[in-house]
Amino acid sequence: MADELFQIKGDAPAVPDLKFWSVLGHESLSRSAHYELTVLSENKSIAAKDVLGYAFDVVVKFQDRSKGWHERHCQGHAVRFLRVRQVGRYFEYRITLRSWFWLLTKRRNSRILQDKPVLDVLDAVFEDSPIKRFKKTRADHVIDPHQPHRYCVQFEESDHDFLSRLLEEEGIYYWFDAHAAPGTMLLADVSSVAHDKLPAESTLDWISLDRGEARFNEISTWIAGKRLDTGKWAATDSNFKTIRKDLGVKLDVSAQHELPDFEAFEFPGDYFTSDDGDMISRRRGDELQSRRERHWAVTGWSDVAAGRSFKYQGDPDASRNGEYIIASCTFVIGHPGYEGLGDGLAAPAASSTFDALLAGDGVSDGSQDVLRGIVESALEPKVGVRGARSFVLGLVTPSVPFRPPRVTPRKRMPGPQSAIVVGPKGEELHVDEFGRVKVHFHWDRYDESNEKSTCWVRVSQPWAGKGWGGYFAPRIGHEVIVDFLNGDPDRPIIMGRVYNDDQPIPYESPTQSGFKTRSTPKGGTSNFNEFRFEDKKGSEQVYLHAEKNYDIEVENDETHHVAHDRSKKVDNNETTKIGVDRTETVGNNEKITIGVNRTESVGVNEDITIGASRTEQVGASETVTVGANRTHTVAASDTLSVGSARTETIGAALTQTVGATVTQTVGAALTQTVGGAITVTSGGPTTFTAAGGFTVIAPGGTKIIDFSLGQIGGQNTILYGFQFNGTAINTEANGLKVETTGFGSAVIGAKLEKVGANLISGTLKVEQIAALEALSNATGIEMDTLKIFL
């Protein structure tokens, strides 16, 4: 219901039944407007459902000195509704109105936003909220560059607190228009150009209290204050991609007073590059400077509202005159009265109401006591007074850049959390060049559990040296334990991994432990590398399994000690290469079985020493090739058995030295072919046994010796070439050699006249003896010393 001074607008079903009575309000930069509205109605049973949640616009009308009419608005959503009492024919109700942005305090959420500048983060949250249908924003005066948030987490925060702290950290503040666009959220980060003048009158004049109460564009009270504060700001941070780079930044914004050198140091500084650090330091410097100075003023001019600016003039202290921005506006506005109401309408509890209005006002942070004192003296007495209009203004100067104080606490994670490693569909392993992975937090209702779920998350490893250490990359589907650096949800780091029902432990026995991998991609339960320990008493084991290749490189010595047996099995080939020497000692027996061929190559010498016997068995052929000399020494007997034929070829000479007897047994014929001479030297008797006769073939003819005939058959043979050597004599005649001992004279040119003599071993027959006598007579050699051999 409207009158000429006040109007209540809105689409709430209860609006037609409501009459404005009073409003206590507090508007501030970087804070939702708060209004405590008292209304009257003849309806005694207005239902809360017809009020709560609806948007109300309280229009306050006022005149300037020229009788021109103007409006200011108190716009907000009903968040509390009280039926207080009956006064005359009216019923008193109280409605708490808050800006639509405040409604986000009622929505608590957890989510991850990536690669979005802060204003895009605002839009994303707004669009996901019930307020999207009536939210109104304008960011024309957000001018500074604002880098995208690479990774931005809201965790168990209200949407309101989440966005408020982001805006505060970025140096962006806001207010709600009370004039041309009621309820519109205006955002800015450059205060010198962001604030429009008061629309009805842009200049406010000083008026002393002794001239009466300020009614129009006048200010009756002005309080100016400054405070000692931090004069320097410093911060640093770290970036694992440039870990050795110093990211420290410093800023000196010392004021002109004693003790200006106190420094505020922050870690982490919430930046990753020096350029970002410089930008943040400028914002923090603005924040320090903007909170040092505050002015407060009292006026009855209804045009004033937070976010507007004006020119102040006429102050007795001319240094106060100038341009000001209204950073906060606390006020009381009352209706002059209704017919039939009487004087029975009590004022609301002003003190507690103003406490609620001023709570959380960051603009007045550090000066709440001053503002509270002004409110107590200038506003509380006006509460409940008919027609009261009084405003307390908190003011800042545009010459000092305004930044919102960071009063919204940054969320700190209470401890580590569980998450699941994720990645592209169909992949098993998804890491970057730093071994980082993507994860899905169980509380994140928005992501699709893929490679876009989170930022790349670093993984703690057993060791992390410069190109050395331990490294295990969590696979997609693994459950990991994520902690947060400094408790910051924007800085996750994986500290551990755990098993679950979907990813069970690899060993059924609790006595087994170790490392077991899985081949990828598409590896099964039988495809793995493993290093396992069995600690069961009596069954202790260290087990190593390589799914494919197993390579060991030792740059110096390697030692193996096996206290009992050792078995080694190679299913295919084995190659052993030893650069220098190799010594192999077998304490007992050694058995080598080779299924097919064996080739052994020795570059220089090979020595084999066998302490006892050696047996070498070749199933088929054996070929031995010696490039130079070969010496074969047998300490005792040497037996050579050839099952069939044997061929022996000697390229030059053959020398055989036998310390005792040589026995040759030939089962069939024996053929010896000598290209030159044959020399037979016997230290004792010489015996020839020829079962089929003895034939001598020489250049002079063929002689047959047959003792059964008592003669040496064939043609006459001349004996020549007697040689004397001490007491011995050798006689050789074309292949027939006669040797005797104990003979001291020489006969040259002797002829053997006997023909047909048969010389055989064994017992001589009469005719054989006769033949030898003939030979003895012919040669002059005694018979008992005569030896005849081939």
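Every number here is computed from the coordinates shown, using simple stated rules; none is lab data. In this text, all values refer to a predicted model and were calculated from it rather than measured experimentally. Backbone-built Cβ (ideal geometry, glycine too); neighbour counts: all protein chains shown.
See the values below:
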{"quantity": "Charge dipole (the chain, unit charges on Cβ, about Cα centre) - positive-most of Ser449, Phe20, Gly322", "calculated": "Phe20"}
{"quantity": "Radius of gyration and Dmax over the Cα atoms of segment 422-504, both given in Å", "calculated": "12.8, 38"}
{"quantity": "Rg/Rh ratio calculated on Cα atoms of segment 1-92 (Kirkwood radius)", "calculated": "0.99"}
{"quantity": "Ordering of 66-77, 154-165, 521-532 by burial proxy (mean other Cβ atoms within 10 Å per residue, highest first)", "calculated": "154-165, 66-77, 521-532"}
{"quantity": "log₁₀ of I(q)/I(0) at q = 0.17 Å⁻¹ - segment 249-336, Debye sum with one point per alpha carbon", "calculated": "-0.91"}
{"quantity": "√(5λ) per eigenvalue of the Cα gyration tensor, segment 133-241, largest first, Å", "calculated": "37, 22, 14"}
{"quantity": "Over segment 158-300, relative contact order from alpha-carbon pairs under 8 Å, at least 6 apart, %", "calculated": "25 percent"}
{"quantity": "Total charge dipole magnitude, the chain, about the Cα centre, Cβ charges on Lys, Arg, Asp, Glu only, Debye to nearest 20", "calculated": "1400 debye"}
{"quantity": "Answer label for semi-axes √(5λ) of the Cα gyration tensor in Å (calculated), chosen among (i) 55, 35, 22; (ii) 131, 27, 18; (iii) 77, 33, 22", "calculated": "(ii)"}
{"quantity": "Candidate lysines - alpha carbon under 28 Å from Lys226, same-chain residues fewer than 8 apart omitted", "calculated": "Lys197, Lys250, Lys311"}
{"quantity": "Signed unit charges on C-beta, dipole axis of segment 534-592, positive-most listed residue His545, Val570, His560", "calculated": "Val570"}
{"quantity": "Rg(Cα) / (2.2 N^0.38 Å) computed for segment 503-632, rounded to two decimals", "calculated": "1.60"}
{"quantity": "Arg566/Thr679 FRET efficiency (R0 51 Å; Cβ-Cβ; nearest 0.05)", "calculated": "0.25"}
{"quantity": "Cβ-based charge dipole, segment 80-217, positive-most Cα from Val118, His160, Tyr90", "calculated": "Tyr90"}
{"quantity": "Percent RCO, i.e. relative contact order, over segment 455-534, from Cα pairs under 8 Å lying at least 6 residues apart", "calculated": "20 percent"}
{"quantity": "Relative contact order of the chain, pairs being alpha-carbon contacts under 8 Å that are 6 or more residues apart, as %", "calculated": "8 percent"}
